[in-house]
Each structure stands twice: as structure tokens, then as C-alpha cells.
Amino acid sequence: MIEFNNISKNYGLTKALDNVSFSVKKGEIIGFVGPNGAGKTTAMKIITTYTAPSGGTAKVGDYDVQNNPLKVRELIGYLPEAVPLYDEMLVSEYLEFIGNSRHMNGKLKKRYDWVVQACGLENMLDRKIGVLSKGFRQRTCLAQALIHDPEVLILDEPTSGLDPIQIISIRNMIKELAQEKTVILSTHILPEVSNISDRILVINKGKLVADGTFQELIQQVSKYSSIYIAVQTNKKDFENAIKDISEIKDITYDHSTKRGVTGAHLYYSGKIDMTEKLNELIQENKWKVVEFHPEKLSLENTFIRLTQSNESEKQAETKGE
Amino acid sequence: MRDIGIIFKREFQSYFYSPIAYVFSIIFIFLNTSIYMFHFFLLGNADMRSFFSTLPLVLGIIFIPAISMRLWSEEKKLGTIELLLTLPIKTEYIVLGKYLAGFAFYLIALAGTFTIPILLVILGRPDFGPIIGGYLGAILLGGFFMSIGIFISSFFEDQIVSLIITSLVCGFITLIGWQYVPMLIDGWIPGLGTFLDKYIGVSRHFNDIERGVLDIKSFIYFLSFTMLFLYLNVKILERRKY
């Protein structure tokens, strides 16, 4: 239903998307996961034809987003991150405006009633959009995306800024809707999409770093652990000493430590006993330990970090050969 | 055609929610009629010459920029441009719908100055030729400035920036043909003033129509420039660089 072939998008010198390819089958629910600024929104904007890609081709249904944008737009219901609403309009006026713009003609009445009920907007129809709470604004915008019964739904952070109860209700709604539609939704919280999505695409720094079901991702992540260590030494000595432990896959330095103290997050494959190795290292170098503890990182952070370090390792290996 | 109507309707209605549009309409009508009344009492002629001689400046510097600034800038600020440009409506129709809404609002404000001809009919026996010519010129001129305004507003998220730039551009093309300004410019760089006045300036064409000289060149000038800016507006939006 949706195909991305080597899509790139540059904003000036920044690469928002770098050679991203994936495809989505009809009826699938896809979760886009990644930190803020990873490129999720850019990918969605390309699918919805709002932004033109700098390179590569993208198709929705049988239509190319560049050559046939109007046909693509007809297939898509889109909830942008910015929640675009005209504050001075009534909720009913707004939905009618969208319905008319989508050339619904005779079908509008029936769908309008359905969408108002499905999004729980019955009591809000005569209110001005400007006075609505955040939750109802989000729902109004969701109703806008659904009114023409689109085949493809693109939802950019549909639950951001909502309270937990609203999050659950929106999530349930998406689940219900998703039975007959192709859905792409984005979030920066991995567990949030875990129980709705068939497949999860992890995007970081404009690159697709992982693609699989939630279970597959969990398996990959659970192989790794992380330890935080802070010792009294300078960074150079620390770097030299830590290099000898080959099991460490990745290091990020903590820049908030005091002068003379080096702090770092160490990521390693979970099966070995890292505490012992590090203890030996500390004794050898006669470091004074300031902090030393295992860490629980959020799932997506660990995931992104490790998939990336794996990749850079692979690249290094191939270069070595 | 229906698509243009849908966009037009929403855009036109939203003018009536905005206090800025009301304020500027009142300023527009008040400013024009009061400047006119000053001349009217001074000269005592039952014509609208002085009204139409100040109109291009009031339109170009104040009124049109004030009502055209929101056309795209507001959509950009609210993020609704993303909604609008992902609807299955051709960009040309969206631009045209919005443009016509702004234009229609201008026509209403212009109709607010009909008090002057009505007054003239009551007080004297005015010559209707120049008055009708003047209003015809005002319609063409307003439409032209509006196309500049909508084009410029598609570049900026901030309405005030759109207003100032539109005001500068419209002010410039009005002033280069204004009374003695071409001669003044010729004094600095010989030929430049005449050139600008002849090919770019709006005043010469407006004055012709206002005097009742319905030269085809003037119509071509207004209509082709209006269409050029609307076309450029569509092209800018279709680059889809956001």
C-alpha cells in the first residue's frame, strides 16, 4: 500500500531522511518510533504529499507522491503533529468544511454522524474550536482525518499532550479503526505502540535502524545491558583503559560530572559479568570510584543506541577487511 | 469550480471573525472619505477627483496589505497550511479561492465609500463618467495589489512581516508613477524614472481609467500582472519545500 524507495530529504545541510526504504502492506498497522527530530514527521509529510522528497520515490496505492499528489491525497486521512484547526470555526463547521473539500457530496451526512459519534464529539458540535480542551482538539482533528473513510491513516503523535485516560481512549479507537485500514502512527514512546502495531520501524537521525515486530525488537534489546560509572581520573586515561574491554559495544560520556571526574554509560552484551571486569580495571588503575551502578534505560533509547553501535561496528569491520 | 467555492466560503467567513479586518475597513472608509471631504469643502466641485487621486496610496500602503497579510501567513502560523495542502484540491483552486475571498472583502469595503457619490447626487449634478471609471480603476487596482499581497504572504509566517513587505512593494509601484516622482528620479538617473513609470508603475494606468480613457493596454497591465502573481503563488506552493 505504501512504498518508500531510497527516500532522502534534506533541509539545507541537515539530512532529515537518509536513504530510507520500507514498504507497508494493506491492512498493516505500523508504528514509527524514534527520538524527537529523528525524521518520523518528515517521512509522514512525504507520504501525505505535503513535502517533496529530495531524492528517491514514494508510492501510496498505485500513485506516486510526486507525480500524482491529488490521487494520493484522496486515499489518505492525516492527523498532523501540529493539530491544524481553525480556532474561529465551530466543530460542526470545521468537519463540514473538510467533508466538502474531500468531495463527499451525498455521503457526508452519514459519515459525519458516524465520525462525530466515534470521536465522542456529540456535545461539542456547537462550540468554537478555540475554546476546546487539548483532548477535544485532538479528537476533532482525528475526526477530520477519518471523515472520508480513507484507506490509509497517517497519525503523527496522536496521543501527545493527552492525559492517560484520553491516551487509552484514542488508542482503543485506533485499534478499532485499524481492522480495515492501513495505519501508520508515530510516537517517541516504544511501549505505547507495542500493543497496537503489527510492525515497528525505528528511525534515528534520518535512518531506518530497525524493522520488526515488538517481540523481535525486545529480543534484540534484552541481549544488552548498561552500567554507569564515574571515577576520579581524566578522560584520556579512562578512554585508554576502557579500550581493553572488548565486550563494551558503546560508550557515551556524561558531561555533567565535576572537574577531574569522568563519567560514562557503558553498553555491553548482557551475558558477561561486567561488574567484575570493571572492578579489576578500577583496582589496576587505582581509580577512586564516585558512582558505579547498573542502569535501566528506556527501551527505545537502548534500542536505538545498540542498533546503531552494531551498525557502526559492522561498518568498521567491513572497512577493516 | 466547486472547490474554489468551498475555499472561498471558509476564507471569506473568517474575515468576519477577525477584528483586524473590521478595524482596517473602518480606517479605510474613514480616511478616504475624510480626505475627500476636506477637498470637497475647499473646492466645492461635485466630482470625485481628489478621492481617486489619494486612493492608490491608501490602498497600496494600508488597506490591501492589511487584509491580504493573513491569507497564507495565518495558515502557516496555525499549521493549517499542512491540512489545506494535503486536501485533494488543486493548488490553483486553493489560491484562487483565497484570493477571491480577500478581493470580495475589499469590494465590500469599497462599497462603503458609495456614500460620496450618493452625497454628490443629493447636493449637485455630478458627471457619472469619471466616477464609474474611478470605481472600475479601483476594482482593477485592488485586485492587482491583492495578488501581490497573497503572493508575499506565502513566504512569511508572521503577518506583520507580510504586511510591511506588501506595503513596501505596493507603495513602491504606486509612488514611481506618482505626480512628479518620475521627474525627480529622472533628475538623479536620467531615463530611469520615465522607464519605471511607463512599464511598472501603476498610477499611469489607474489615472487613465479614472479619467475615462479605457485603453486596452491598461486592462492588459492590470489583468496580466494579477495573473502573474497568482501563478507565482501557485508555483511557490507547489515546490512543496517545507
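Bear in mind these aren't lab numbers, they're just calculated from the coordinates by the rules spelled out. Note that the structure is a prediction, hence the values are computed from the model and not measured. Cβ placement follows ideal geometry from the backbone for every residue including glycine, while neighbour counts extend to all protein chains displayed.
Values for this structure:
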| item | result |
| --- | --- |
| P(r) tail fraction, the range A:47-135 - alpha-carbon pairs more than 14 Å apart, % | 71 |
| Sites matching chymotrypsin sites (Phe, Trp or Tyr not before Pro) across the range A:13-56 that sit in DSSP coil, with at most 16 neighbouring C-beta atoms within 10 Å | none |
| Of A:Ala241, A:Leu75, A:Gly106, farthest towards positive along the dipole that unit charges on Lys, Arg, Asp, Glu beta carbons give the protein assembly as shown | A:Gly106 |
| Helix-only [θ]222 nm of chain B, DSSP H runs n ≥ 4, -39500 (n - 2.57) each, per residue, nearest 500 | -24500 deg cm²/dmol |
| Global form of the range B:94-229, assessed from the alpha-carbon gyration tensor, a/c cut-off 1.5 | oblate |
| Calculated from backbone phi, Karplus (6.51, -1.76, 1.60) coupling profile of the range B:5-19 in Hz, x at Gly/Pro | x, 4, 5, 4, 4, 5, 5, 5, 4, 5, 4, 7, 8, 9, x |
| The range B:1-104: relative contact order in percent, alpha carbon pairs under 8 Å with at least 6 residues between | 54 |
| Tail weight of P(r) past 12 Å, computed on alpha-carbon pairs of the range A:88-141, percent | 62 |
| Förster radius 56 Å - calculated FRET efficiency between A:Asn195 and A:Asp237 (Cβ-Cβ, nearest 0.05) | 0.75 |
| Per-residue HN-Hα couplings for the range A:208-219 [Karplus 6.51, -1.76, 1.60; θ = phi - 60°; Hz; x = Gly/Pro] | 7, 9, 7, 8, x, 6, 4, 4, 4, 5, 4, 4 |
| Hz values of 3J(HN,Hα) by residue in the range B:120-134 - Karplus curve (6.51, -1.76, 1.60), Gly and Pro given as x | 5, 5, 5, 8, x, 10, x, 7, 6, x, x, 5, 5, x, x |
| Along principal axes, Cα extents of the range A:212-286, largest first, whole Å | 44, 26, 15 |
| Pair B:Phe41, B:Ile132: separation of 7 Å Cα→Cβ label points (nm) | 3.2 |
| Cut-off under 5 Å, modelled amide H: who pairs with A:Tyr224 long-range | A:Gly270 |
| Radius ratio Rg over Rh of the range A:2-217, counting only Cα atoms, Kirkwood formula for Rh | 0.96 |
| Kirkwood hydrodynamic radius over Cα pairs of chain B, then Stokes diffusion coefficient at 37 °C and 0.692 mPa s, in µm²/s | 175 |
| FRET efficiency for A:Glu295 and A:Asn10, using Cβ-Cβ distance with R0 set to 41 Å, rounded to 0.05 | 0.70 |
| Residue-averaged beta-carbon neighbours from other chains (10 angstrom radius) around A:79-92 | 4 |
| Value of [θ]222 nm, deg cm²/dmol, for chain A, DSSP H segments ≥ 4, -39500 (n - 2.57) each, nearest 500 | -11500 deg cm²/dmol |
| Rg to Rh, two decimals, where the protein assembly as shown supplies the alpha carbon set and Rh follows Kirkwood | 1.13 |
| Sites matching trypsin sites (Lys or Arg not before Pro) across the range B:55-161 that sit in DSSP coil, with at most 16 neighbouring C-beta atoms within 10 Å | B:Lys90 |
| Helix B:159-175 axis, angle to chain B major axis (alpha carbon atoms, nearest 10°) | 40 |
| Loop-resident sites, the range B:124-201, for chymotrypsin sites (Phe, Trp or Tyr not before Pro), counting at most 14 other Cβ within 10 Å (DSSP) | B:Phe155, B:Tyr180 |
